[in-house]
């Protein structure tokens with residue numbers, strides 16, 4: 001292995017040293033703890049945007065409800081039958097398990113890709129918060145379809161928020177994480193309160209007699225906003241399923257489930273996705289309809305819940321951007337091992353802040369979420385093949401670890417090749433990951449089997 | 001003991017604050033209170049939640065560090 005790579009991977013290992021060993025039984029967590037942990041998850045600033053976009057994309061009420069019910073169920077089953085069993089059998093994080101399978105070089109590339117994707121995600125969170133702060137200063141939100149910053153005011157707000165979020169992430173990530181734990185249930189209540197309070201503006205009677213009629217004619221009426229693509233049931237179903245693709249099919253939640261007593265704890269993710277990826281999305285859909293279908297999370301929350309609503313949008317962005325910046329910094333630190341933590345967080349924060357100035361990332365959030373999952377998905381398929389398929393076919397497992405490979409080139413080629421094929425598939429972006437997963441699984445298994453034959 | 005009682009009180013008040021956060025918009029929807037009253041009640045209850053929840057220490061320790069989610 002070249003010296004440079006050896007140094008990089010050694011530095012990377014040191015960063016993740018604390019979770020190198022498999023979790024021992026005395027550290028296993030109860031089902032109740034998992035239920036509690038998931039209950040506060042999946043309520044982020046992006047929920048204000050995703051649910052609202054479903055309305056703007058002209059999704060019908062019935063399609064939305066059915067799509068979210070089934071899509072979230074598929075997500076829960078993916079955690080339960082794909083991610084949790086591997087985590088419980090190995091008791092390792094994806095980082096260390098991937099290192100055994102693909103080698104430290106591929107793991108490093110995976111980390112860097114993850115860092116970049118985190119920065120874009122954190123940038124979108126900052127943009128959402130900027131809509132709330134901008135409202136206080138009368139700064140208009142960029143129009144749908146905007147790519148570049150629409151005004152100097154938008155840039156200034158984004159830079160100010162990005163600087164504030166980055167400074168706070170540098171000064172006290174751990175304390176902020178604890179604060180986020182307190183904020184999380186309240187943010188969910190902002191969604192619920194906002195939706196309930198928006199109903200009279202839409203003409204819903206206190207008896208709720210006309211709720212379905214209002215829902216199908218004024219909220220999810222099946223008419224897409226100008227310039228927005230019309231989406232339907234299958235799009236909603238797939239979106240709800242792949243929204244956390246990197247975590248379940250992509251296996252990054254092995255970090256969590258390695259502490260589970262049983263793989264069935266994957267079912268507890270339902271406590272997170274149904275409130276966050278169903279109720280919160282429905283709530284933000286109601287709120288955007290109440291402000292005349294204007295994609296403006298700050299205005300939506302302000303109209304629905306007053307100043308507390310603005311605080312909700314701001315906090316939702318901040319509390320989710322904070323750990324995102326931290327993780328991006330952690331991933332980036334692998335390539336700059338001698339840099340102090342504050343410096344690398346500053347770099348990640350600066351990159352994120354620049355990205356936040358470009359409204360395209362939050363105005364195209366649905367597509368970005370699809371790409372985010374798609375990019376990391378092949379790694380999940382490779383690990384799945386190595387863990388489950390290789391023993392059945394008699395292919396030797398963990399060759400990278402046993403032979404000291406820095407790169408398992410087969411894994412890298414399959415990863416990149418799958419992405420190439422997936423992006424070329426004549427399918428809607430939302431549907432590409434599923435055939436992509438099978439392509440990666442079959443290609444990796446086939447190539448490694450061929451290698452054995454040689 | 002004293003500390004335990006204090007934790008129980010602050011915990012109860014925190015949960016009560018969340019209850020008000022939920023009750024206020026419902027009362028507004030039912031036409032029992034005005035929009036301004038609802039928004040004021042929601043704001044005050046929100047502040048109360050943060051004060052009491054932090055005082056009570058409603059912080060879970062996750063079993064592992066994990067990536068943030070969209």
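For segment B:1-53, what are the residues that are outside any helix (DSSP H, G or I) and either at the interface with chain A (Cβ under 10 Å from one of its Cβ atoms) or over 15 Å from residue A:196 (Cα atoms) (or both)?
The answer is B:1, B:30, B:31, B:32.
Could you check, for segment A:153-171, whether at least one of its residues is out of contact with any helix residue (DSSP H, G or I) (no Cβ under 9 Å at 6 or more places or on another chain) and at negative phi?
yes
Residue by residue, here is whether (1) surrounded by fewer than 16 Cβ atoms within 10 Å (Cβ to Cβ); (2) more than 10 Å from chain B (Cβ to nearest Cβ) holds:
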| position | (1), (2) |
| --- | --- |
| A:165 | no, yes |
| A:181 | no, no |
| A:184 | no, no |
| A:190 | no, no |
| A:197 | no, no |
| A:200 | no, no |
| A:203 | yes, yes |
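For segment A:174-221, give me the residue count where each residue is assigned to a helix (DSSP H, G or I) and touching a strand residue (DSSP E or B) at 6+ places or on another chain (Cβ under 8 Å).
Number satisfying all stated conditions: 1.
I'm trying to understand the selection: among the residues of segment A:268-327, which are under 24 Å from residue A:352 (Cα atoms) and assigned to a loop (DSSP other than H, G, I, E, B)?
A:295, A:296
Restricting to segment A:140-154, count the residues that are part of a helix (DSSP H, G or I) and either within 14 Å of another protein chain (Cβ to nearest Cβ) or surrounded by 19 or more Cβ atoms within 10 Å (Cβ to Cβ) (or both).
The qualifying residues number 1.
Quick check on my filter: what residues within segment A:242-259 are within 8 Å of chain B (Cβ to nearest Cβ) and either assigned to a loop (DSSP other than H, G, I, E, B) or without any contact (Cβ under 8 Å) to a residue 12 or more places away in the chain (or both)?
Answer for segment A:242-259, where residues must be within 8 Å of chain B (Cβ to nearest Cβ) and either assigned to a loop (DSSP other than H, G, I, E, B) or without any contact (Cβ under 8 Å) to a residue 12 or more places away in the chain (or both): A:243, A:244, A:246, A:247, A:252, A:253, A:258, A:259.
What do you reckon, is residue A:236 over 30 Å from residue A:311 (Cβ atoms) and touching a residue at least 40 places away in the same chain (Cβ under 8 Å)?
No.
Filter segment A:39-74 for residues that are within 11 Å of chain B (Cβ to nearest Cβ) and over 24 Å from residue A:123 (Cβ atoms) and give the result.
Result: A:39, single match.
Residue-by-condition table, conditions (1) in a helix (DSSP H, G or I); (2) more than 11 Å from chain B (Cβ to nearest Cβ); (3) surrounded by fewer than 23 Cβ atoms within 10 Å (Cβ to Cβ); (4) more than 17 Å from the chain's Cα centre (by Cα):
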{"position": "A:333", "(1), (2), (3), (4)": "yes, yes, no, yes"}
{"position": "A:338", "(1), (2), (3), (4)": "no, yes, yes, yes"}
{"position": "A:343", "(1), (2), (3), (4)": "yes, yes, yes, yes"}
{"position": "A:349", "(1), (2), (3), (4)": "yes, yes, no, yes"}
{"position": "A:354", "(1), (2), (3), (4)": "yes, yes, yes, yes"}
{"position": "A:358", "(1), (2), (3), (4)": "no, yes, yes, yes"}
{"position": "A:368", "(1), (2), (3), (4)": "yes, no, yes, no"}
{"position": "A:374", "(1), (2), (3), (4)": "yes, yes, no, no"}
{"position": "A:382", "(1), (2), (3), (4)": "yes, yes, no, yes"}
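Quick check on segment A:106-125: of everything there that is away from chain B (no Cβ under 14 Å) and surrounded by fewer than 23 Cβ atoms within 10 Å (Cβ to Cβ), which residue is nearest to the chain's Cα centre (by Cα)?
Selected residue: A:112.
Test residue A:312 against the criterion of being within 14 Å of chain B (Cβ to nearest Cβ) and free of Cβ contacts under 8 Å to residues at least 24 places away in the same chain, and give yes or no.
The answer is no for residue A:312.
Residues that are closer than 30 Å to residue A:292 by Cα and touching a helix residue (DSSP H, G or I) at 6+ places or on another chain (Cβ under 7 Å), at least 1 per element: which helices (runs of 4 or more DSSP H) completely within segment A:41-90 meet that?
Counting at least 1 such residues, we get A:46-56, A:61-78.
Read-outs throughout are calculated quantities, based only on the coordinates presented, and are distinct from any laboratory measurement. Keep in mind the model is a prediction, meaning the values are calculated, not measured. Heads up, the Cβs are rebuilt from the backbone with ideal geometry, glycines too, and the neighbour counts pull from every protein chain shown.
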